[in-house]
1. Would you tally the net charge around residue 553, using a Cβ to Cβ cut-off of less than 13 Å, leaving residue 553 out, and scoring K and R as +1, D and E as -1?
2. By count of other Cβ within 10 Å, fewest leading, how are 92, 556 ordered?
3. Pairs 244/277; 458/511; 354/549; 110/458: which exceed 27 Å Cα-Cα?
4. Taking N as the number of residues in the stretch 238-278, what is its alpha-carbon radius of gyration divided by 2.2 N^0.38 Å?
5. Please turn the phi angles of the stretch 418-432 into ³J(HN,Hα) values with the Karplus equation 6.51 cos²θ - 1.76 cosθ + 1.60 (θ = phi - 60°), one per residue in order, whole Hz, x for glycine and proline.
6. How much length is gained if the chain between residue 102 and residue 417 is pulled fully straight, taking 0.36 nm per residue apart and subtracting their Cα-Cα distance, in nm to one decimal?
7. For a protection proxy built on the mean count of beta-carbon atoms within 10 angstrom, sort 390-398, 427-435 highest first, please.
8. In what order do 557, 110, 208 fall by count of nearby beta-carbon atoms within 10 Å, going from fewest to most?
Amino acid sequence: MKNIKYYGQHYVNWVLRLGKTRSAVFGFVVLCSFAIAVQSVLSILFKGEIRAEDLLRSIIFGLITVPFVIYFFNLIVEKLERSRMELEASLHSLSQLREQDTALNAQLEKNSRDKTILMATISHELRTPLNGIIGLSRILLEGELSPQQREYLKTINVSAVSLGHIFSDIIDLEKIDSRRIELFPREVEFSQLISQISHFANLMAEQKQIRFHIDYADDLPDFILVDNARLSQILWNLVSNGVKFTPPNGELFLNVIRQDPHHFSFILRDTGIGIAKAELPHIFTMFYRAESAKQQKAQGSGIGLAISKQIAQLMGGDLQVESELGKGSTFTLTIQGEEARPREALALHQHALKVLLVEDIEVNVVVAKAMLSKFGCEVDVAMTGAEAYQCFENHSYDLILLDIQLPDTTGFEIAQNLRRRYENEEVDYLPLLIALTANIMHTKAEYQQQGMDDVLRKPLSLEALADCLARHFESWAETIEAPDTSPPALPQDDAPFDRQSLREFADVMGKNALLANFALFATLMPNYLANLRQFLSQWQQSQNAEDRKRTAEEAHKIKGAVASVGLIRLQQIAQLAQMEKESGWEEGIAQWTAELESSWQNDLHQAQHWLEKDDPKG
């Protein structure tokens, strides 16, 4: 069949190349010859001879019929060829459409990747200065201020927090679009949750002289398993809307109730302008903004309520609204949340690992060694990249913990170098490589792309370390008893130190060892600050990029040091001081340096006093 089609197509092409006239003459000759041949054969078979009159009759018949046959044959051939050409044109067009579709799909995928990269970039670039504004404004609010200065600072703080939540909505918009939004439920103390809500709601309401009231039922559990960040995001959107549409001297009422053992409701009622009934079906639509009675669009992005409803549904609940023009609105948020118990004593396991700790800050070394010893690990310490390579050559390790910024290299360079040597068969075994970092912006995948197997955040947490070791060395583990590290309810104040971290350090190291670490920090901190002041002075005089980098690197060291003794306020300031590529660094570095110099002794004294006198564990 394929051969017939092949030769038939070649014949048609040949006929078309001859042209109509020559193909007609050729057909005439062929058909006449064929007719004479057939007539001759038949005459011999049936009559035994060839008669001239029979041949003449065949020739006359052929002359009469052949033109018609040739005409219709050529007509059919022409139509077939025209159909073939049209089919080829259609196939060519289809091929072009497929290529265009492939190109468009590739462009859409690229746009999606670019959007994701843009969101990640914005996350890195915007979050850092925002956190700086929030942190420093809180620090300044603790000082002595005039009433006008305090109001200005409150406005700055609330505006920065508001911008952060709006930014979270935008990030979630992209995640919802690509179906990547996730929930991370954890045990949350309900009283702390209510305190947080009350705090930011009062701050927002004060800006418009609105009174905020909160009431909650007596049957609420002590702890609930919920994604606290997502819940706060929804409640912030609701309170923000309530404040926005409630006139000055109005009121906001929040009632927290338990619907059943697994569902809780947060009912927010305002005395604002209300929403028309015609607008209610659209209020949770993306980018929709209701019109006021004056036919003016409401302010805002139009995405907060839409995203809040989708997150509420992800949390096993819903978000609903009831409203009437001139009589205010009531938003009811319902979520699913299991009653939880306080986190039990952390189960430690005896791993008996040989560990190389690559860390250049002494106080960090003390804390990390104390934690690793809880797991039965034998620890060697290297404070530079050169020492790390030397230790690696002389000993066999199961695990290497790598600080990212070292005096002579980076943890990434060490990891990549060791991995390259292993792949080139220069070494027989590659230990597990885990990054130690205070950078909270990068994902685990980004560290893995740089040669790491995993990442641990600073200040190092006993729980995070236990999870990491269990994940990678579970088969080596032998359960041992551990102290109770679950902290009691924290007082709701703005202490310059992190009570939870200090409790954990005290449980791991013992109070006396922790106080000794405080003393070590007190001897090292003046040197760090002297180096920071020297590098800063050199940069201010030279504006040299190398001096600028050294200033930031010294601030990074200070951040790690203060984090290891729980001084969270100074950690936030040092975080700003180390971000030398961020806008505003040049204007703020001198102030941040002065703040570190003037505050570290007082903050350390407060933490030490609390540990010695006020810690309920004594």
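Bear in mind that the values in this text are calculations on the coordinates, not laboratory data. If you're wondering where the values come from, they're calculated on a predicted model, not measured in any experiment. Glycine also receives a Cβ, built like all others from the backbone with ideal geometry; neighbour counts cover every protein chain displayed.
1. Numbers: positive: 548, 549, 550, 557, 559, 581; negative: 360, 403, 408, 546, 547, 554, 580.
Here the count lands on -1.
2. Values: 92 10, 556 22.
Ranked by crowding around the Cβ, least crowded first: 92, 556.
3. Numbers: 244/277 19 Å; 458/511 20 Å; 354/549 34 Å; 110/458 35 Å.
Beyond 27 Å between Cα atoms: 354/549; 110/458.
4. Details: Rg = 12.7 Å, N = 41, 2.2 N^0.38 = 9.0 Å.
Against the empirical 2.2 N^0.38 Å value, I get 1.41 for the stretch 238-278.
5. So the Karplus estimates, Gly and Pro as x, are 5, 5, 5, 5, 5, 5, 8, 6, 7, 10, 7, 9, 10, x, 5 Hz.
6. Details: separation 315, 0.36 × 315 = 113.40 nm, distance 3.97 nm.
Gain in length upon complete extension: 109.4 nm.
7. 427-435, 390-398
8. On the way: 557 21, 110 10, 208 13.
Ranking 557, 110, 208 by Cβ neighbours within 10 Å, fewest first, gives 110, 208, 557.
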